[in-house]
Amino acid sequence: METQAALKSVQGVKWRRWGGAIAQFLLVALIFGIAYTQDAIFHSPENQNTKYLIGLARGGYGLLQQDWMVGTLDPLPVFTALVQVTYQFLHAEYAFYAYYFLIFGVYVYSLVGIVSQVYPLRNNRVRLGLFFALFLIVHCLHLEMFDGDFDLGWHLHAGVAQQYILGPVFQPANFGAFLLLSIERFLRGHTWVAVPLLALAATFHPAYFPSVGVLTLAYMAVLAWRRHFKAALGVGMLSTVLILPVLSYMLVTFQDTTPALAAQAADIIVNQRIPHHSIPAEWLDIAAYIQVGVVAIALLLTRRHLLFPILAIPYATAVFLTGLQMVINNDFVAFIAPWRISVFLVPIATSLILAWGVTAVTRRWPRWCDRHQIFLVRASLVVILTTVIFGGLSQIEKWTMRDETVSMMTFVRDTKQPGEVYLIPPDVEDLRKFRLFTGAPIFINRKTHPYKDVEVIEWNQRLERAKAFYEVRRPPQQCRLLKREFRKDGVTHVVLPQGLIRRRCPTLTELYQDDHYGVYEISARR
């Protein structure tokens, strides 16, 4: 009886510890998530308008199943499945915000865990409080410097080339937080948990393949250095096996149709669609050099720690391949963007520097810190609370903000019918959200592009045709384009900005007009 009672007591303690840990995780996720903020999914022109499109269409959202882009090959099958299942069973956007809060929690937990392996934070509430306050500042206080080229609240936790783990909305890139969690687990000796976490990140976002590769190599190098050769080999094999399903899918699905078509498509994506991600000359600026320097400082701080090779191998790989690309100018290297590795290096490096600073101060003046311990903790809490309050106010503003496109899109959302396809200005940023806001299919826009070579080429042709239509300054020519070119491709409606509304065209029937946009039906008979 006594043994059973003792076992129950131990189990009760374990459950309470687990419950406390989960509650703490959720609280930190909530605090950081409110401070960081999220864009409203159906009101924001960000990446979700591309990443959610196929999943929402398959889930039955609006009439998106009729959109040409939805019929293209899916580069994000697992994320698409998550979006589809979420919409089908929950039928609300709020789940996506909840997913992001969990990602926020993983992100903070991982970074605190990583730096705690180097600097003693968790056993000292003053250090931990100061660290978390500074951590929120470098993630949420958007203080611009160097003529606006460097943003304190962005460039100290994002990667180079406008790549990032955390961004305005929940999207595949956020799963890079599991790269951080993998590093944290490896540092704590949980190697066989760390490797599946790497695969999880790449499974949701195949762009993380280079990051998974270099981190796997780093783990293997550490284990081999410690003469754990079998474990090193096992890590390499396990990582390969776990990423093989999505890697095989990508290789088979997006194999080249012909070398010439593949080269043409790569040129379109790299040099026309995403040069800000793909071409070093486009993104190498003062912010990028500061980020490179931040990681170099972190390497210096960890030179005697196990974390050093885990940072040094990816850092050296990214720097080398960036330099190589600047010499060879290869579209394939540009497309895979090996410098995306920086998305986990920079936040780790920044967190290490913050932890070093907090630790250095408390060690340099230990008596003063002990005497003013309550004050320092309260000051940290004030900073944290202030950041959360301003984040909450910013969040409300984001969710209630309306731009000049909303009235027109509301009309389309409320009146759309099966079989309708809308021609919209392809380069207007606020119209990127047209599909998700209205649930109506469109002819094309610049933001959302496919990846299969023949589809990329067709997308580009559609884009050029749409651009040409809105650039034409002769109304009769526009009328002919609508009737002869776009109508045969299934376009039934056109959205015109105010500057083009007054040009009369017998092909068009006005359905809606405001001070900024008009919606017109294209007649097939006139």
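Report the normalised scattering of the stretch 327-376 as log10 I(q)/I(0) at q = 0.13, 0.23 Å⁻¹, calculated by the Debye formula with identical scatterers on the alpha carbons. The calculated log intensity ratios at q = 0.13, 0.23 Å⁻¹ are -0.54, -0.86. Relative to the dominant Cα principal axis of the chain, helix 191-204 is inclined by about 10°. Average accessible surface for the chain: 47 Å² per residue, computed with a 1.4 Å probe over protein heavy atoms with every protein chain in place.
Rounded, prolate or oblate: pick one for the stretch 180-315, where a ≥ b ≥ c are the square roots of the eigenvalues of its C-alpha gyration tensor, a/c under 1.5 means rounded, and failing that, prolate if a/b is larger than b/c, else oblate. The shape class here is oblate.
The angle between the Cα long axis of helix 373-400 and the longest principal axis of the Cα atoms of the chain comes to about 10 degrees, rounded to the nearest 10. When cysteine pairs in the chain are screened for C-beta atoms closer than 4.7 angstrom, the residues that find no partner are Cys140, Cys369. Return the carbon/sulfur percentage of the accessible area of the stretch 384-438, one whole number, probe 1.4 Å, all protein chains in place. About 59 percent, which is the carbon plus sulfur part of the accessible surface.
Helical content alone sets the calculated 222 nm signal of the chain at -20000 deg cm²/dmol, taking -39,500 (n - 2.57) per DSSP H segment of four or more residues and averaging over every residue.
A simple charge model with +1 on the Cβ of Lys and Arg, -1 on the Cβ of Asp and Glu and nothing else charged puts the dipole of the chain at about 1280 debye relative to its Cα centre. Helix 307-328 and the long axis of the chain differ in direction by around 30°, with both axes built from C-alpha atoms.
A straight line joining the Cα centroids of the stretch 453-495 and the stretch 243-303 runs 31 Å.
Does the stretch 74-168 come out rounded, prolate or oblate, given a ≥ b ≥ c as the square roots of the eigenvalues of its C-alpha gyration tensor, rounded meaning a/c under 1.5 and, failing that, prolate meaning a/b above b/c? Walk me through the numbers on the way to the answer.
Working: a/c = 2.40, a/b = 1.48, b/c = 1.62.
Oblate, because a/c is 1.5 or more while a/b does not exceed b/c.
Checked against a 32 Å cut-off, the cross-linked pairs Lys230/Lys452; Lys433/Lys483; Lys416/Lys483; Lys416/Lys452; Lys398/Lys483 give Cα-Cα distances beyond that limit for Lys230/Lys452; Lys398/Lys483. One entry in (i) 55, 29, 20; (ii) 46, 27, 23; (iii) 42, 26, 20 is semi-axes √(5λ) of the Cα gyration tensor in Å calculated from the shown coordinates; its label is (ii).
The values are calculated or read from the model by the stated rules, or taken from the named source; none is laboratory data. As the structure is a prediction and not an experimental result, all values here were calculated from the model. For neighbour counting, all protein chains shown are included, and Cβ atoms are generated from backbone atoms with ideal geometry for every residue, glycine included. Note: accessible area is taken over every heavy atom of the protein model, side chains too, but ligands, DNA and RNA are not part of it. Shrake-Rupley method; radii C 1.70, N 1.55, O 1.52, S 1.80 Å.
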